[in-house]
Amino acid sequence: MATNHAHGIDLTDREISLVTEAVRSGWISGVGPSVSKFERGLASQIGVREAIAVANGTLALELALRALGVGPADEVLVPALTFAAPAMSVLAVGATPVFVDVDPHTWTIDPAQARAALSPKVRALIAVDVLGRPAEYDELAELGVPVIEDAAEAHGATYKGRQTGSLGDVAIFSFYANKTITTGEGGAVCTDDPDLADRMRLMCNHGMRAEERYVHRSLGRNFRMTNLSASIGVGQLERWDDIVARRAEVTGRYDSVFAALGLRVQKTSSWSSTPGWIGTACVPETQRVLARLVARGIDARLLWPALTRQPYLRAWATRPCPAAEEIARSCIQFPTSSTMTVADIAEVGDALAAAMS
Ligand SMILES: *Cc1c(COP(=O)(O)O)cnc(C)c1O
């Protein structure tokens, strides 16, 4: 068996047997051997000292923000082109998101625009490795505010030889079902800073240390990943290189399709590498083409609206973000998973060519 192709989810008998083993053993909560195994395996895969598994990527962002001491009265810089979780996490800790425009080529947060948005209130910056492309971390580090790397879409990418997930002061992953590496629902925070890691472990577990039950040392919540999800994660970690390589093959085929049609795509800087995440291209007459693709049964969609245009979030839009808004208006994302075949992608390519003609 192997894959649930309908949803494009890359799970095998290995993950099934690991989960079954966890259920049989009775380790079903957020305490269990797979959780620590997953954390150690992830830390070594990424090349960081500490990885902490959590229930989802959104809580991972909240955990990172809280551990950095971000709260009411603080501002956090957030790129305007992203899935909304970074902005929502800033609001969840009572701080104010400041939306910053993205680079029109790489679509990641523009360091010059971030510098222009700095003020004494800015307490942190969330850089999103959007659609798998690493942001410009060396330039962002020069801004002098702590950087949270949101690598939710960037498993297996590199920046100047370093893995995504190791590029900010603290980084987060999501392992949601549509992410390159999945645990169903899940996330992690990664850092080389032992104090930050300690604060995050406490916060994640009711403010208690494992060896001091019912002694609450700090504000804490329950952000834990279950041992069941972590068991899937252990199987995914064993297959990491293979899953990432197949994702790169699929997005690479999409890029050939887009190039043949002369479409504008996101650029990867020469010092970065990425397997990509979702096949995406900017398409003229976007709405008309999208409607024709959908009519042909292709699960194509727009990218996320820019955060400055979101019904709930636009109240916080204080700076113009024309590049993010233009990309969000004109780009289409195509069905992508590491289980897609050459024929699957050719079918989408043919439908796109027909829809554009
Ligand atoms: C998916 C995603 C998240 C949220 O992760 P969940 O696990 O779904 O909570 C955060 N940031 C980005 C950029 C994402 O794509």
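Which whole-number value in Å³ per residue fits the convex hull of the alpha carbons of the range 220-357?
196
For the chain, what is the mean residue ellipticity at 222 nm derived from helices alone (per DSSP H run of n ≥ 4: -39500 (n - 2.57); sum divided by total residues; nearest 500 deg cm²/dmol)?
One gets -11500 deg cm²/dmol as the mean residue ellipticity at 222 nm.
How far apart, in nanometres, would the label points at T12 and D195 be if each is projected 7 angstrom from Cα along the Cα-to-Cβ direction?
4.4
Which lysines have a Cα less than 25 Å from the Cα of K160, not counting those fewer than 8 places away in the same chain?
Here the lysines satisfying the reach criterion relative to K160 are K179, K267.
What number, in percent, do you get for the relative contact order of the range 188-300 if the mean sequence gap of Cα pairs under 8 Å and at least 6 apart is divided by its residue count?
Relative contact order here is 14 percent.
Percent of Cα-Cα pairs more than 21 Å apart in the range 1-139, please.
57
For the range 139-184 and the range 24-70, what is the separation of their C-alpha centers, rounded to whole Å?
Using only Cα atoms, the two centres lie 14 Å from each other.
Can you work out the accessible area per residue across the range 226-279, with the rest of the protein chains kept in place, probe 1.4 Å, in square angstrom?
Per residue, the range 226-279 has an accessible area of 40 Å².
Please report the relative contact order for the chain, taking Cα pairs under 8 Å with a sequence separation of at least 6, and give it as a percent rounded to a whole number.
22
Quick check for you: which residues of the range 141-180 have the amide N under 14 Å from the point 7 Å beyond the Cα of R115 toward its beta carbon?
141-145, by backbone N distance to the label point.
Enter the accessible area per residue of the range 1-153 (Å², integer; probe 1.4 Å; all protein chains in place).
Counting only protein heavy atoms, the per-residue value for the range 1-153 is 38 Å².
Mind pulling up the Rg/Rh value for the range 1-76? Radius of gyration and Kirkwood radius, both on Cα.
Radius of gyration over Kirkwood radius for the range 1-76 works out to 1.09.
I'd like the carbon and sulfur percentage of the solvent accessible area for the chain, probe radius 1.4 Å, heavy atoms only, ligands and nucleic acids excluded.
Taking all protein chains in place, the chain shows 54 percent carbon and sulfur surface.
P(r) for the range 48-99: what percent of alpha-carbon pairs falls in each 10 Å bin, starting at zero?
26, 52, 21, 1
From the convex hull of the Cα coordinates of the range 211-270, what is the mean projected area in square nanometres?
Hull-based average projected area comes out at 8.6 nm².
List the aspartates and glutamates whose alpha-carbon lies under 15 Å from that of K37, not counting same-chain residues fewer than 8 positions away?
Leaving aside aspartates and glutamates fewer than 8 places away in the same chain, those within reach of K37 are E15, E21, E50, E238.
Cα atoms only: what Rg and Dmax, in Å, come out for the chain?
Taking only Cα atoms of the chain, I get Rg and Dmax of 20.2, 67 Å.
Which whole-angstrom value gives the distance between the alpha carbon centres of the range 234-293 and the range 302-343?
Cα centroid of the range 234-293 versus Cα centroid of the range 302-343: 15 Å apart.
Could you identify which residue out of F175, F258, F99 has the top mean-square fluctuation in a GNM of the chain using Cα springs shorter than 10 Å?
F258
Sticking to Cα atoms, compute the Rg of the range 127-203 to one decimal and its Dmax as the biggest Cα-Cα distance, whole number, in Å.
Cα only, the range 127-203: 12.5, 36 Å (Rg, Dmax).
What is the P(r) of the range 283-326, as percent of Cα-Cα pairs per 10 Å bin from 0?
Whole-percent P(r) values from 0 Å outward: 25, 38, 29, 9.
Relative contact order for the range 47-93: what is it in percent, counting Cα pairs under 8 Å that are at least 6 residues apart?
Relative contact order for the range 47-93 comes out at 50 percent.
The values are calculated or read from the model by the stated rules, or taken from the named source; none is laboratory data. Everything numeric in this text was worked out from a predicted model, so none of it was measured. All Cβ positions, glycine included, derive from the backbone under ideal geometry; neighbour counts span all protein chains shown. Surface accessibility is based on the protein's heavy atoms, side chains included, excluding ligands, DNA and RNA. Shrake-Rupley method; radii C 1.70, N 1.55, O 1.52, S 1.80 Å.
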